[in-house]
1. What number of residues in the range A:153-197 are within 14 Å of chain B (Cβ to nearest Cβ), among the hydroxyl-bearing types (Ser, Thr, Tyr) and in contact with a helix residue (DSSP H, G or I) (Cβ under 9 Å, 6 or more places away or on another chain)?
2. Return the total of residues in the range A:325-353 being over 20 Å from residue A:287 (Cα atoms), free of Cβ contacts under 8 Å to residues at least 40 places away in the same chain and either within 23 Å of the chain's Cα centre (by Cα) or more than 12 Å from chain B (Cβ to nearest Cβ) (or both).
3. Return the total of residues in the range A:102-145 being at pLDDT below 95, surrounded by fewer than 21 Cβ atoms within 10 Å (Cβ to Cβ) and under 22 Å from residue B:65 (Cβ atoms).
4. Residue A:251 is checked against (1) surrounded by 24 or more Cβ atoms within 10 Å (Cβ to Cβ); (2) at pLDDT below 95 and fails just one. What number does that condition carry?
5. Can you tell me how many residues in the range A:37-75 are out of contact with any strand residue (DSSP E or B) (no Cβ under 7 Å at 6 or more places or on another chain) and not in a helix (DSSP H, G or I)?
6. Is it the case that the range A:198-211 has a residue that's within 16 Å of residue A:236 (Cβ to Cβ) and either among the polar types (S, T, N, Q) or within 11 Å of chain B (Cβ to nearest Cβ) (or both)?
7. Would the range A:237-259 turn up any residue that is aliphatic (A, V, I, L, M) and either facing another protein chain (nearest Cβ under 8 Å) or under 17 Å from the mean Cα position of the chain (by Cα) (or both)?
8. How about the range B:169-198: which of its residues are modelled with pLDDT under 75 and hydroxyl-bearing (Ser, Thr, Tyr)?
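The values are calculated or read from the model by the stated rules, or taken from the named source; none is laboratory data. Computed from a predicted model, the values in this text were never measured in an experiment. Cβ placement follows ideal geometry from the backbone for every residue including glycine, while neighbour counts extend to all protein chains displayed.
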Amino acid sequence: MAGRRLRLAPNQQPRPVYVVWELTLKCDLHCTHCGSRAGHARPDELGVDEALDVVKQLAEMGAREVVLIGGEAYLYDGFLDVVRALDDEGITAVMTTGGRGVTADLAQQMKDAGLSRVSVSIDGMRERHDRMRALNGSFDAALAALRHCREAGLIVGANTNINRLNHQDLEPLFETFLEEGVATWQVQLTTPLGRAADRTEMTLQPYDLLGIVPRLAALKRKALERDMIMLPGNNLGYFGPEETLLRSPRPDREKDHWQGCQAGRFVMGIESDGAVKGCPSLQTRHYVGGNLRDQKLKPIWDETPELRFSRDRGLDELWGFCATCPFKEPCRGGCSFTAQAILGRRGNNPYCHYRARHFEKQGQRERLIPKAAAPGEPFDNGTFDIVIEALDAPEPQPDLAAADLVQITRKPTNGRRKRNRS
Amino acid sequence: MGSKSVMYFDSCHHCQGLIPADLSACPHCDHAVDHGSSSPGVTDVAKAVTKVAVAGAAAMTLMACYGGGYYGDDDGLGPIPEGKVSPNVACGVTETLAMELSPNGENHTAFVSGTTEFSYDAFSRCTGPTNPTPERIFTLDPGPVRGQAGTLTVLVEADRHTIWTADQCDDFTDQDAVCAGGNDGNRLELEVDSLRETTIAVESLAGGGEFQLQVVFEPGAVP
């Protein structure tokens with residue numbers, strides 16, 4: 001049974017092997033960087049019967065692993081029914097969660113229903129995590145969720161967004177995860193998407209990768225020694241000297257590297273109202289190919305340009321630095337939603353380690369300056385301008401203390417959120 | 001994978017970075033490289049590159065920023081479902097591959113050719129010689145070299161196949177299965193203390209089609 005790790009063969013037909021499915025946008029957290037701006041359920045979310053039909057369609061299309069997300073997936077009425085249905089179809093069921101509501105009872109119910117793994121989002125040590133999650137106590141709740149799931153027999157993982165607020169915590173986080181029995185750790189950049197687009201101070205500058213990627217590589221070496229699988233998400237790369245180390249689950253056995261955006265090739269995202277995208281993080285406004293209430297999954301996957309873009313595009317889509325890059329053939333401009341979130345279209349992505357090193361060699365760096373604000377919808381983005389400046393130019397935005405960057409508030413606002421600039 | 005071409009990188013031993021084939025210097029550390037095989041007169045630095053095949057013989061781990069961390073499945077074929085992979089369980093067909101003394105008398109070999117059909121799943125359907133199936137599973141009969149120590153080489157000469165071996169006919173597990181995959185033929189070399197019946201699977205996951213399976217056993221002390 002093939003899983004998420006694919007051998008590359010020329011005749012492999014695109015299929016949604018790895019699916020991330022937002023069951024509901026309802027959430028018990030209100031995270032400051034949430035790309036989907038989760039909190040309240042979408043107005044017209046799929047019912048349980050509809051969701052179970054989606055499971056059947058996913059099985060027919062060759063899905064091998066489905067990650068249930070939200071909001072919080074466990075707040076969806078039919079959450080356990082969906083887990084059981086996935087397991088019955090032989091599809092590995094996984095949940096990514098903030099962990100606030102994961103009790104020992106729920107962990108056992110999830111295990112009994114057939115859930116395979118749980119990945120808890122933990123972005124920093126207590127102070128910084130609580131600031132990012134906008135809730136005091138959320139760090140402790142996340143650790144408790146890890147323990148409940150592990151004790152229930154679930155494989156536990158963690159996923160961490162890296163940004164200017166929390167990158168100082170990477171090393172202690174690693175040690176904490178080891179202590180907590182975390183088997184797999186996914187690290188990725190906070191992209192200015194959704195609420196993170198409202199807090200551009202939070203996101204890294206491209207030249208921050210010069211320091212962060214080698215630190216992650218050092219942690220990866222330690223992870224290998226401690227039998228933890230540590231992998232970068234799709235928006236963290238690309239093609240620096242540490243590329244194969246970072247990208248390979250077992251670099252002693254196989255040397256992987258970034259193979260380009262797999263959205264709509266082997267990866268797919270579903271929003272809770274049935275909207276289908278090539279990747280869960282892609283911008284809703286630009287990348288929804290169809291809705292499962294209107295169409296079956298297969299024609300959406302096979303025929304819509306929003307799902308096909310990464311299958312049909314050529315190198316001519318690349319522009320700016322990426323069009324000139326020696327790694328342009330396999331890379332294709334890195335992560336699609338990230339490029340779109342920065343410059344408003346794919347094909348040129350300043351969040352690139354090779355690119356940052358290229359400019360560093362010339363005594364330069366690229367800095368992003370906010371240009372247009374995000375409209376305030378789930379999975380939306382603003383845009384940025386890129387300026388090239390001296391590598392040793394004064395730092396316009398030094399790392400900020402957690403309390404300075406994000407104010408914790410428990411009062412949700414309706415509609416567009418106000419910018420929270422310190 | 002559409003029309004995406006197979007690419008190969010060199011890997012710089014100075015900085016471990018990948019080097020595209022059309023560059024004469026490492027783009028990361030600027031050291032000169034020689035993409036050909038090392039030869040007399042080539043500098044140490046130029047020799048210090050290693051071919052890294054990508055795309056064609058490579059694998060990738062599917063990720064998504066809202067996804068869960070990746071775990072296991074790192075053999076490239078995913079977790080093998082218990083109970084589904086025995087040739088007996090699969091459809092009751094077991095093909096025997098008998099070792100014979102090679103014509104030159106230097107070792108023992110076995111050979112078979114066949115066809116598989118492409119499938120996305122490993123060990124998902126029936127095996128057997130009658131029709132193209134996703135897998136062909138053979139039980140290697142050591143014959144006269146049973147119990148001997150030596151090196152067992154399993155080679156599939158074909159495009160887009162994966163081979164597996166396991167000691168036990170009735171149980172492939174993640175622990176005792178050995179896998180090799182790729183597009184341009186696959187080779188497994190196993191050192192054995194005492195050769196016994198060995199299950200060998202030719203798996204179509206990487207593509208399927210015609211294949212030629214050759215097994216060679218060279219007796220000798222195992223270090």
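1. 3
2. Summing the residues that are over 20 Å from residue A:287 (Cα atoms), free of Cβ contacts under 8 Å to residues at least 40 places away in the same chain and either within 23 Å of the chain's Cα centre (by Cα) or more than 12 Å from chain B (Cβ to nearest Cβ) (or both) in the range A:325-353 gives 1.
3. Here the count works out to 2.
4. (1)
5. 11
6. yes
7. yes
8. B:173
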